[in-house]
Structures are given as C-alpha cells and as structure tokens.
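Asker: I'd like to ask you about the structure that follows.
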Amino acid sequence: MSQVGAVNPRYATLNTDYAAEMFSMSDEEDGPIWMVNLMKYREIADYGDGQESNISGQEADDLYAPMAVLADIGAEIVFAGNVETQLLGDSPKWDRIAVVKYPTRRSFLKMSSRKDFQEKHVHKEAGMQTTIVMGCTPMDTPVYSKKDWTEIANSPSESDGVITVVHVLQLNEQIEKMNNYSLIAGERAIPNGVRVDGWFQVENTILGDGRKWDQVRFNTFPSRRAFKEVLNDPARIEAQKKYRESAISDTYTMIVTPLINKVSDSI
C-alpha cells in the first residue's frame, strides 16, 4: 500500500540510511520483507496548487492503491483493515493498517521509480496526513492449539464479528518481562479463541516520524466479547502492571476490523 514515492514526501520522513542499506544488499542477503503501514488520512484530500477536492483522504488513498504494480513485481497485500478503536497510543489516531509482502527489499525500493507507480502516487500525497511504514521479518510465535470458534462462549456473530488486535511495540532492555507477560496473556486468551496470525521483528522504519519500533503483533479474536474477556481478566491485568508496563517504552494497540487477513498464510 505505502511506498517511497518521493525523497521528501509530505506525509513522513524518509529513512535514507535504511533505503541505502536495503538497496545495497546482495541477492544472497536479500529476501522477503513485510511492510507494515500505519495510516492517518487527511479529512479532505489535498492535491495542492490550489486544486479543490471533494473527496476524502481515504478515498484518495483508495485511488492510489497500486494493485497492478504490486502484482507485477510479485508483491501481495496480506492484511488490510480499518482501525475501530485505538486502545493505547495517543497521537496520531490511526485510520487504517495494511501489510504488503514484497519478494525482496530491492523490489520495494525499485517500485517507486516506475512510471505507473508515480502516476498513482499523487493520490497518496493528497490523501495521507501521516504514516509509519516498517520493514519487518517474521518472529517465532507461541504455538497454540486453535479453538473451534463454534465451541467457545463468545463465538463470532453478525453483530459482533472477528477483530484483529494489532500491537506496535517499542521495547526497552527488559525483554524477559515482555515474554513473561505474553505467556500469561496467552494462557488467558487461548480459551477465548485467540489466533496468532503473526508476530514481526521490525528491521527498521523506512517512513515515519523518527521513532524506532521493535515488534508488530497481529492477534485475531472471534469477537469483541472474547477479547474483552481477556482484557478484563484479573491475572492478565496484574501481569500487565508487573511486566508489560515496565518492558515497553512506547506502543500503539488497536482493534482493527480486517478486510483482508492472510498474514498467517504469508509466513
């Protein structure tokens, strides 16, 4: 979804050091990269030069989406969804999360020089207020026995459907504490049908605001009620205070309504 369309895009700061590092990788070193996009839209698209616009920033970004270009280079959107609730992280309030898997880091960079991409990118410049784009690789994740969602108390329904909880984490040196929290939270989440789609190590941030991030986690629940059961579990709350809060320096936690979710299959 997101891409480096200009040296100095209006919506983020380009990490030129990371771009140079990716471009200089040998074929042996290079390989698949998952680009995790956090997106905040302008209320009204701004095409500049005094042009009036009657579409929203999100509508402009929808016009940008370079599906044909992605397909041509072997890239694939593996996750896309709208942020329903932002539980943690004050600003900005993100509107949409997307993940694109690219076959190589170099293919991600070369995409920006294509004429067909550049013709599309004007819509992203108009629609995007700010963004963070992180280059990620998969982490080892806990192996949970998947519960049949038809057999749990808070199964999905028309009025309370599937949600994905996305965690963006900046960790300090107390990683063991985060591991302790994850173990306890996982034990509470299993009976409520959690599915770990994928946890990712952040290699670096290619577009952003100067902050560095360490991990992004995608956990899917059968319903909001199921997630709320975990959120309100006394043991999880105690573990959060004892372990998680001291292990994390910065974070966003968002409930996302998934439109596409092929994260697990992409790893």
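The values are calculated or read from the model by the stated rules, or taken from the named source; none is laboratory data. Note that this is a predicted model, so its numbers are computed, not measured. Here Cβ is always computed from backbone atoms with ideal geometry, including for glycine, and neighbour counts include all displayed protein chains. Note: areas computed on protein heavy atoms with side chains; ligands, DNA, RNA excluded. Shrake-Rupley method; radii C 1.70, N 1.55, O 1.52, S 1.80 Å.
Asker: Nothing charged except the Cβ atoms of Lys and Arg (+1) and of Asp and Glu (-1): what's the magnitude of the dipole of segment 214-260 about its Cα centre? Round to the nearest 20 debye.
Answerer: Its charge dipole is roughly 180 debye.
Asker: Note down the magnitude of the dipole of segment 100-156 about its Cα centre, charges +1 on Lys and Arg C-beta and -1 on Asp and Glu C-beta and zero elsewhere, to the nearest 20 debye.
Answerer: So the magnitude is around 380 debye.
Asker: Over the chain, what relative contact order in percent results from Cα pairs under 8 Å that are six or more residues apart?
Answerer: After rounding, I find 28 percent.
Asker: While we're here: Can you give me the relative contact order of segment 109-267 as a percent, contacts being Cα pairs under 8 Å and 6 or more apart?
Answerer: Numbers: 255 pairs, mean separation 55.3, N = 159.
Relative contact order for segment 109-267 comes out at 35 percent.
Asker: How many nm is it between the label spots at K146 and R114, if each spot is 7 Å from the Cα in line with the beta carbon?
Answerer: It works out to 3.1 nm between the two label points.
Asker: Ok, one more. For segment 93-162 and segment 221-252, what is the separation of their C-alpha centers, rounded to whole Å?
Answerer: 23 Å
Asker: For the chain, give the percent of accessible area contributed by carbon and sulfur heavy atoms, probe 1.4 Å, rounded to a whole number.
Answerer: 48 percent
Asker: Return the inverse of the average 1/r over all pairs of distinct C-alpha atoms in segment 60-115, which is the Kirkwood hydrodynamic radius, in Å to one decimal.
Answerer: Hydrodynamic radius (Kirkwood, Cα pairs) of segment 60-115 is 13.1 Å.
Asker: Under a 1.4 Å probe, what is the accessible area of segment 1-97 per residue, stated in Å²? Each step should come with its number before you reach the end.
Answerer: On the way: 4850 Å² over 97 residues.
For segment 1-97, the solvent-accessible area averages 50 Å² per residue.
Asker: Fully extended, how many nm does the chain gain between D209 and M139 (0.36 nm per residue separation, minus their Cα-Cα distance)?
Answerer: Value of the extension gain: 22.8 nm.
Asker: While we're on this one: With a 10 Å radius around each residue's Cβ, average the other Cβ atoms per peptide and rank 122-133, 179-190, 32-43, highest first. It would help to have the intermediate numbers written out before the result.
Answerer: Numbers: 122-133: 22.1, 179-190: 17.8, 32-43: 20.6.
Top of the packing list down: 122-133, 32-43, 179-190.
Asker: For q = 0.09, 0.11, 0.14 Å⁻¹, what log10 I(q)/I(0) does the chain give under the Debye formula with an equal point scatterer on each alpha carbon and no solvent?
Answerer: -0.42, -0.63, -1.00
Asker: May I pose another question? Using just the alpha carbons, could you tell me how many Å³ per residue the convex hull of segment 5-95 encloses?
Answerer: 158 Å³
Asker: Which FRET efficiency value, to the nearest 0.05, do you get for D160 and S26 by plugging their Cβ-Cβ distance into 1/(1 + (r/R0)^6) with R0 = 51 Å?
Answerer: Here the calculated transfer efficiency is 0.55.
Asker: To the nearest whole percent, what portion of all C-alpha pairs in segment 174-267 is separated by more than 22 angstrom?
Answerer: Values: 1507 of 4371 pairs.
In whole percent, the share of Cα-Cα pairs in segment 174-267 beyond 22 Å is 34.
Asker: Mind counting lysine pairs for me in segment 1-131? Cα separation below 22 Å, and the two need to be 8 or more apart along the chain or on different chains.
Answerer: Lysine pair count for segment 1-131: 12.
Asker: Roughly how many nanometres apart are two label points built 7 Å out from the Cα toward the Cβ at I190 and N82?
Answerer: Taking the two extended label points, one gets 3.6 nm.
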